[in-house]
Amino acid sequence: MALLEVRGLRRRYADVDVVSGLDLDVGAGQALALVGSNGSGKSTVLRCVTGADTPTEGTVTWDGEPLDERKAGVRAALATVMDDLDHFPDLSVVEHLDLFARAHRVPDAEAVVDDVLRDVGLVAQASQLPGTLSSGQRRRFALASAFVRPRRLLVLDEPEQRLDTEGVAWLAGRLQREKADGTAILMASHEPALVEAVADQVLTLGTSR
Amino acid sequence: MAVFATVMLGGMFVNAVVQAGAVTDRLCASAACSDARSLVPWLVAGASLLAVVGASRLFGPVYVTPADATWLVSSPLDRAALLRPRLARVLLTTLLVTCAATGVGVLLAGASRGEGLAFTATAALLASVVAATCAYAQEHDRRSLVAGAQWVLVVVLWAAVAAVAVGEAPSVPLLPVGGPVTVVVVVAAAAAAVLGSIAAWRHLGRLRRRDVAGGGELAPGLSGALATLDLALAYDVVLAHRWRDRGAVRSGRGGPGGALALLTSELRRLRRSPHRLVVLAGTVVVPYAAAAAGTGRFVVLVAAAAGFAACLPLLSGLRVVSRGPSVARALPFSSALAQVMTAALPTLAALAYGAATTAAMREGDADPGAALACGLAVGAAAAASGVRWTTRRPPDYTRPLIATPAGAVPTNLYGSIIAGFDVLLLTVTPMLLAPDVRGATVSLLLSVGVWAYLVSRPPAR
């Protein structure tokens, strides 16, 4: 059974349908990649799924229930890496990750945070304030924020953005491990190598232009 | 057109200030009020100097736009020649703004024309000296001196307000008119301004690119926020700039799990910037000074307004979880709970502030119970107003726009600038009408209701 089901999704801005009649299913341990040109609606779909936007029509269900991102259970299960990452200006990278891990009551949070920092390659930047990170490091920080907490569904909007070639290869490996651990993945990507390495299904969205 | 509008609006403003001075003449009859009033020009002049130092720390004071920093500063041009017009602009702006602010203080204090002119000119010239000194000290290794000067000014101003609060305000005259002392003081201030400007002028060529680029990076963000009248966003920009300058911190880890992790995090942030709490505690003297100056039942308004302003820096955590969905989405509990956790400490601090103002509420032989109730209601009003200011929605350009001479304006643009002040007025009014337990209870209930509603709203999208 699919964990995430989207049926008849439509999002209209003014008199333009950015997305129309979209159906998709993602089950545990599966990855679905949305691909398409700029403006084809990839991010809009992800925003509707994560509750950051409201569909004009259609349903999004999680575990058989309408997905309501305000519910604690949904938030506990749904980890996102979107473009709207915000942070406390005076908390360091490691303090943010510590906060997220402890808020999710992760056992042995300190060790988990250290592991994730090593994994994303931000050990040297642990005590830096997020505002001082480079754009690539900020992307790694966003990924770390998602990996430091429990998750059943990962929603990633162009996670390869601003990562170097090695970073993309690392990300592909990491997402494969996520799948092996049973996490469902819904992602939008412009990186064919990442899509090929991770995705079980690929959905190509049409351009609105 | 612009000149005409400036002259007309300026004339109206000066007229209003003169009228306010005349009204104060009639109402301020007691010795305590007269002494406090004589301090107003000094306080305004001191606050102007503080503003000059604050703005200089933020912007440089000499700065260049990002484009200039990229193309001109890094090219083999005479850097001093590039920066001289900017320094001149800084000095002139400082002179004019301090002149206007101190002039208002002098008019409110009811000083004579000659006395007021001499004092205003001296204050404006001294402000230019301060701006020139800040420009001279703009290299990073001398910035700590400017920061130290800022704190000295804060302490001096606070001591002056505290002196009014305890009824020990000295009756401080302005400069005596026509005497040799006045001439010496004004000429000395002018000489210092000229010498300071020359020193800063000659030093400009030694400024490094990083010294002048930082303020330029801040200015576009700040002007963008102010163009949409979004003061909370402007504060975000300043805060982000300050912390980016600092770069790194000694990280702290550990603590309880669940929603309490957010509270621990807020405690950690408070320990990192304890001056925010010190400022709130120091603000307690303001309502006492207002009471000593004989403002009567308006003490509650002054106390709540001062508490509201002093609370805002404490609410920066609430701002982060309410200005967008990103942080709240990463936490496994409702946005409302996240907002409650980040608003809890500032609210407790505001209530403590309110309780500390209790004695200032005891006008005449007022009931101590009523004074305590008013104090707590003042704290709650300050907290509710602060939460309103912090969680206000940005201008929504998807709404219908109104055509104005300034262009198309979203319907919530002007409303958003009064956010915070609206709740302040709403919650204080019952106490202004009935400064007793009943009025305080109604005010408290209003504040609690507003606070609860605001923190339960989902974050802005």
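Tabulated values for the structure
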| quantity | calculated |
| --- | --- |
| Single residue of B:195, B:222, B:233, B:239 found to be part of a helix (DSSP H, G or I), under 22 Å from the mean Cα position of the chain (by Cα) and away from chain A (no Cβ under 14 Å) | B:222 |
| Positions within segment B:299-327 being away from chain A (no Cβ under 14 Å) and not hydrophobic (A, V, I, L, M, F, W, C), in sequence order | B:307 |
| Qualifying residue in segment B:47-54 (condition: within 23 Å of residue B:168 (Cα to Cα), modelled with pLDDT under 80, in a helix (DSSP H, G or I) and within 25 Å of the chain's Cα centre (by Cα)) | no |
| Given (1) in contact (Cβ under 8 Å) with a residue 60 or more places away in the chain; (2) out of contact with any Leu (no Cβ under 6 Å at 6 or more places or on another chain), number of the condition residue B:266 does not satisfy | (2) |
| Looking only at segment A:105-121, and only at residues there that are more than 10 Å from chain B (Cβ to nearest Cβ) and among the β-branched types (Val, Ile, Thr), the one that is surrounded by the most Cβ atoms within 10 Å (Cβ to Cβ) | A:120 |
| Candidate set from segment B:328-385 (those that are part of a helix (DSSP H, G or I), of a type in the set (S, T, N, Q) and within 14 Å of another protein chain (Cβ to nearest Cβ)); member that is surrounded by the fewest Cβ atoms within 10 Å (Cβ to Cβ) | B:335 |
| Residue match in segment B:262-278 (condition: more than 14 Å from every other protein chain (Cβ to nearest Cβ) and in contact with a helix residue (DSSP H, G or I) (Cβ under 8 Å, 6 or more places away or on another chain)) | yes |
| Qualifying residue in segment B:66-75 (condition: of a type outside the set (S, T, N, Q) and either closer than 30 Å to residue B:165 by Cα or touching a strand residue (DSSP E or B) at 6+ places or on another chain (Cβ under 8 Å) (or both)) | no |
| Evaluation of residue A:93 against (1) touching a residue at least 40 places away in the same chain (Cβ under 8 Å); (2) more than 21 Å from residue B:319 (Cβ to Cβ) (one fails), failing number | (2) |
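To keep it simple, each residue is scored yes or no on (1) closer than 26 Å to residue B:242 by Cα; (2) assigned to a helix (DSSP H, G or I).
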{"position": "A:87", "(1), (2)": "yes, no"}
{"position": "A:90", "(1), (2)": "yes, no"}
{"position": "A:95", "(1), (2)": "yes, yes"}
{"position": "A:101", "(1), (2)": "no, yes"}
{"position": "A:119", "(1), (2)": "no, yes"}
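The values are calculated or read from the model by the stated rules, or taken from the named source; none is laboratory data. Since the structure is predicted, the reported quantities are computational estimates derived from the model, not experimental observations. Every residue, glycine among them, receives a Cβ derived from its backbone with ideal geometry; neighbour counts consider all protein chains shown.
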